[in-house]
Amino acid sequence: MTEPKIQIKHLYKIFGKTPEKVLPLVRDEGMGKDELLEKTNHVLGVNDVSLDIWPKQIQVVMGLSGSGKSTLIRHINRLIEPTGGEVIIDGEDVLAMNQTQLRELRRNKMSMVFQKFALLPHRTIRENVGYGLEIQGVGEDEIARRAQHWIDRVGLTGYEDHYPGHLSGGMQQRVGLARGLATDADILLMDEAFSALDPLIRFDMQSILLELQNELHKTIVFITHDLDEALRLGDNIAILRDGAMVQQGDAQDIVLHPADDYIRDFIKDINRAKVIQLRALAKPLEPGETPPEVPHFPANTRLEDALLPMSQAPGQEVLVDGTDGALLGRASLSDAIRALHE
Amino acid sequence: MWESLTEFPDLGRSTLSTMKKAIDAGFKGFSRTYGEALENFFNPLLHFLVWFEKLLINTPWPIILLVIGALAWLGSRSWKVTGLSVLAFVVIGVFGMWEDTMATLAIISVATFLCILIGIPIGILMARSDRAQTMITPVLDVMQTIPSFVYLIPVVMLLGIGKVPGLIAVLIYAIPPIVRLTNLGIRLVDPDVLEAADAFGASPRQKLLGVQIPLALPNIFAGVNQTIMMSLSMVVIASMIGVRGLGVPVLRAVQNQYLALGMMNGLAIVALAIIFDRISQSYGKRLQAYRGQGRD
């Protein structure tokens, strides 16, 4: 069993004059966000969030604005100091680090991509992409070489000597992504990285990210308020509301078993056929039963791709194979239709 | 009864006069004790100032014109500004004000250099600490608003008449804008960009030199421009305590009602001001060439 790359344990963040004093009200008496604001004039940013983030996965943290998701991600590199709780990265307690250790952590182990790009306007694209390396103290030639590599990878070849102000939003965020990747850090923090882009460009950027992730296998924490984006990118999804964790699981879990009405409301408009996989429908065969003569499909086939073949299969059912090749069970068209309309 | 309301109950003439006398005596004592030490302290500055003035006056005028033209071109990259700058100096020379202009140029250059040297670090300090800002801001306010003649008194008492006290008077008046604009420029740097620098593990030094100062540079440069303008405006007052230059004939014109002399030298000061302003402003604009051309 692998260890989680990042562990967040019972994290609290309260904004205000004396956060430590009001922390017990929230932690021990369970005071909510609105009540806390009214009674003590403190804002509850993060409320008892625990989250294990596994290596080489994209962990999406989703929530509407004000749900504390951007506050949460800033605790991972301690751009924000928590009021209570723990953050552990590769077994090391981030909150126990002094300034020097913290800088080393930020330089070598993680990088960040921002919603508003936050590029350095006075530096060229090449210099922006090489920024993290320059901070690390890498030599000039090495910076130029590695920056060029990432500029090429995000498709900005030819723009090396332009300034960020000359580029469109989508291109600027490619620079942001290249800057984040150039340091070769294990962890990539993406704070609503694609939210400021228009839908088509956002879709492009998601594709670039997925493509890169396929070969880089980084641990990515991705913040978004967009459910479609969360479902498309996330290996795991955590949903926050008012600073508290409402539900975590993979996309299918959340769509098939929403924890409460808040999430049910969230998912009501999505295309379920794109999320639900045959795995969720598979019913094991009776012991001793011979499998019927029908087509086999892998368990991770999405319903949108499976519906047509299922309708054409004899008896309108198919067999589902697990990732290890073992037979998981059978799935019928009527089950599929029910799953889509729950 | 009525009299006690119209007359403010002040400390009384004799008390006030004793008090003032005591302060004056105290300062005179201070001046006697430390005046010479202070003068020695400022001696290198005086030598430099004299050397620089002589250099400007003794350099053949075509070379000066060439240097002016080159500086104007390097600063503004505009033939118009370069041409007009050289032309203005030619006119000044033709009207017999060359030597005074060189003397003024010398003190302005040294004053501006010192203002940058002292002012930018103070501005950085103010930007980094709110406490420093609350302490320094009122001092700057006083420096900018107190009538120059008031601080000329102690300066002259301490250092006598001459170039150095004149330079100090110019500095007191001209340093606030560069301090303020350095502070403002650094504080106006986009917090998102600073957060990004933090997220990549930049040290405070890396943030200051790599992000804050470069991004504050247009504002810092506006401060340099203001400093130059304000030191030029002090030229006449400085001439009252023995600084050579265009202020001296203006002062003479005021005392003797010489209209033409006053106008000519006054206009020469204006010409210098406009030249410096245009050159430094267009240089400042070039510093932020990366802005504004964006397609949004």
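The values are calculated or read from the model by the stated rules, or taken from the named source; none is laboratory data. Quick caveat: nothing in here was measured; it's all calculated off a predicted structure. No Cβ is skipped: glycine too gets one built from the backbone with ideal geometry, and neighbour counts run over all protein chains shown. Each accessible area value is taken on the protein alone, full model and side chains, heavy atoms only, with ligands, DNA and RNA left out. Shrake-Rupley method; radii C 1.70, N 1.55, O 1.52, S 1.80 Å.
For A:R146, the criteria (1) surrounded by fewer than 17 Cβ atoms within 10 Å (Cβ to Cβ); (2) away from chain B (no Cβ under 13 Å) hold in every case but one, which is (1).
Looking at this structure, is B:V193 assigned to a helix (DSSP H, G or I), open to solvent by less than 10 Å² (accessible area, probe 1.4 Å), β-branched (V, I, T) and in contact with a helix residue (DSSP H, G or I) (Cβ under 7 Å, 6 or more places away or on another chain)?
Numbers: assigned to a helix (DSSP H, G or I): yes; open to solvent by less than 10 Å² (accessible area, probe 1.4 Å): yes; β-branched (V, I, T): yes; in contact with a helix residue (DSSP H, G or I) (Cβ under 7 Å, 6 or more places away or on another chain): yes.
Considered against the rule, which asks whether it is assigned to a helix (DSSP H, G or I), open to solvent by less than 10 Å² (accessible area, probe 1.4 Å), β-branched (V, I, T) and in contact with a helix residue (DSSP H, G or I) (Cβ under 7 Å, 6 or more places away or on another chain), B:V193 comes out as yes.
Exactly one residue out of B:A216, B:A289, B:A202 is within 11 Å of chain A (Cβ to nearest Cβ), within 30 Å of A:D184 (Cα to Cα) and either in a loop (DSSP other than H, G, I, E, B) or within 27 Å of the chain's Cα centre (by Cα) (or both), and it is B:A202. Taking A:T157, is it surrounded by 20 or more Cβ atoms within 10 Å (Cβ to Cβ) and in the same structural domain as A:L64 (by TED's automatic domain parsing)? Answer is no for this residue.
Yes/no matrix, rows are residues, columns are (1) touching a Ser or Thr at 6+ places or on another chain (Cβ under 6 Å); (2) closer than 30 Å to B:P191 by Cβ; (3) of a type in the set (S, T, N, Q):
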residue	(1), (2), (3)
B:S85	no, no, yes
B:G93	no, no, no
B:E99	no, no, no
B:C115	yes, yes, no
B:I118	no, yes, no
B:L125	no, yes, no
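Going residue by residue through segment B:68-84, is there one that turns out to be of a type in the set (A, V, I, L, M, F, W, C) and over 25 Å from B:R286 (Cβ atoms)? No, segment B:68-84 contains no residue that is of a type in the set (A, V, I, L, M, F, W, C) and over 25 Å from B:R286 (Cβ atoms).
Any chance you could count how many residues in segment A:252-277 are part of a helix (DSSP H, G or I) and in contact (Cβ under 8 Å) with a residue 24 or more places away in the chain?
Kept after step one, since they are part of a helix (DSSP H, G or I), are these residues of segment A:252-277: A:252-256, A:261-267, A:272-274.
Imposing the further condition that a residue be in contact (Cβ under 8 Å) with a residue 24 or more places away in the chain reduces the set to A:252, A:255-256, A:263, A:266-267, A:272-274.
The qualifying residues number 9.
As an exercise: evaluate A:A118 against (1) of a type in the set (A, V, I, L, M); (2) open to solvent by less than 10 Å² (accessible area, probe 1.4 Å); (3) at negative phi and give the number of the one condition it does not meet. Status for A:A118: all satisfied but (3).
In segment B:240-248, is there at least one residue being more than 30 Å from A:I125 (Cα to Cα), surrounded by fewer than 17 Cβ atoms within 10 Å (Cβ to Cβ) and of a type outside the set (S, T, N, Q)? Looking through segment B:240-248, at least one residue is more than 30 Å from A:I125 (Cα to Cα), surrounded by fewer than 17 Cβ atoms within 10 Å (Cβ to Cβ) and of a type outside the set (S, T, N, Q).
Residues that are open to solvent by 50 Å² or more (accessible area, probe 1.4 Å) and either of a type in the set (K, R) or within 15 Å of the chain's Cα centre (by Cα) (or both) within segment B:148-176 comprise just one, B:Y173. Among the residues in segment A:197-212, are any over 24 Å from B:A202 (Cα atoms), within 14 Å of another protein chain (Cβ to nearest Cβ), of a type in the set (A, V, I, L, M) and within 18 Å of the chain's Cα centre (by Cα)? Yes, segment A:197-212 has at least one match.
Condition check ((1) within 18 Å of B:P177 (Cβ to Cβ); (2) open to solvent by 60 Å² or more (accessible area, probe 1.4 Å)) across all residues:
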| site | (1), (2) |
| --- | --- |
| B:K80 | no, yes |
| B:V91 | no, yes |
| B:V94 | no, yes |
| B:D100 | no, no |
| B:T104 | no, no |
| B:I108 | yes, no |
| B:L125 | yes, yes |
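Looking at A:V138, A:V129 in this structure, which one is open to solvent by less than 30 Å² (accessible area, probe 1.4 Å), within 14 Å of another protein chain (Cβ to nearest Cβ) and farther than 18 Å from A:I201 by Cα? Of A:V138, A:V129, the one residue that is open to solvent by less than 30 Å² (accessible area, probe 1.4 Å), within 14 Å of another protein chain (Cβ to nearest Cβ) and farther than 18 Å from A:I201 by Cα is A:V129. Just name the residue that is nearest to the other protein chains (Cβ to nearest Cβ) out of those in segment B:219-234 that are open to solvent by less than 30 Å² (accessible area, probe 1.4 Å) and over 9 Å from the mean Cα position of the chain (by Cα). Filtering first and then ranking leaves B:I220.
Kindly indicate which of A:E86, A:E29, A:E35 is at pLDDT below 95 and within 24 Å of B:A196 (Cα to Cα). Lay out the reasoning, then the answer.
Working: A:E29 fails: within 24 Å of B:A196 (Cα to Cα); A:E35 fails: within 24 Å of B:A196 (Cα to Cα).
Going through A:E86, A:E29, A:E35 in turn, just one is at pLDDT below 95 and within 24 Å of B:A196 (Cα to Cα): A:E86.
As a summary of the residue check, A:R179 satisfies the conditions (1) touching a residue at least 40 places away in the same chain (Cβ under 8 Å); (2) basic (K, R); (3) more than 14 Å from chain B (Cβ to nearest Cβ) except for the one numbered (3).
Annotation note: Cβ proximity below 8 Å between a residue of segment B:1-27 that is under 26 Å from B:I153 (Cβ atoms) and a residue that is not in a helix (DSSP H, G or I) (sequence gap 6+ or interchain) occurs for B:L16/B:D10; B:M19/B:L11.
Looking at B:G262, is it at pLDDT 90 or above, out of contact with any strand residue (DSSP E or B) (no Cβ under 9 Å at 6 or more places or on another chain) and not in a helix (DSSP H, G or I)? Before you say what the answer is, go through the steps one by one.
Details: at pLDDT 90 or above: yes; out of contact with any strand residue (DSSP E or B) (no Cβ under 9 Å at 6 or more places or on another chain): yes; not in a helix (DSSP H, G or I): no.
Spelling it out, it is not the case that B:G262 is at pLDDT 90 or above, out of contact with any strand residue (DSSP E or B) (no Cβ under 9 Å at 6 or more places or on another chain) and not in a helix (DSSP H, G or I).
Flag: A:G169 does not match the condition of being open to solvent by 10 Å² or more (accessible area, probe 1.4 Å), more than 25 Å from the chain's Cα centre (by Cα) and within 14 Å of chain B (Cβ to nearest Cβ). Among the residues of segment A:182-196, those identified as within 13 Å of chain B (Cβ to nearest Cβ) and not charged (D, E, K, R) are A:A182, A:T183, A:A185, A:I187, A:L188, A:L189, A:M190, A:A193, A:A196.
Of the numbered criteria (1) within 25 Å of B:D24 (Cβ to Cβ); (2) in contact (Cβ under 8 Å) with a residue 24 or more places away in the chain, the one B:T145 fails is (2). For B:V179, the requirement of being more than 14 Å from chain A (Cβ to nearest Cβ), outside any helix (DSSP H, G or I) and buried (at least 20 other Cβ atoms within 10 Å of the Cβ) is not met.
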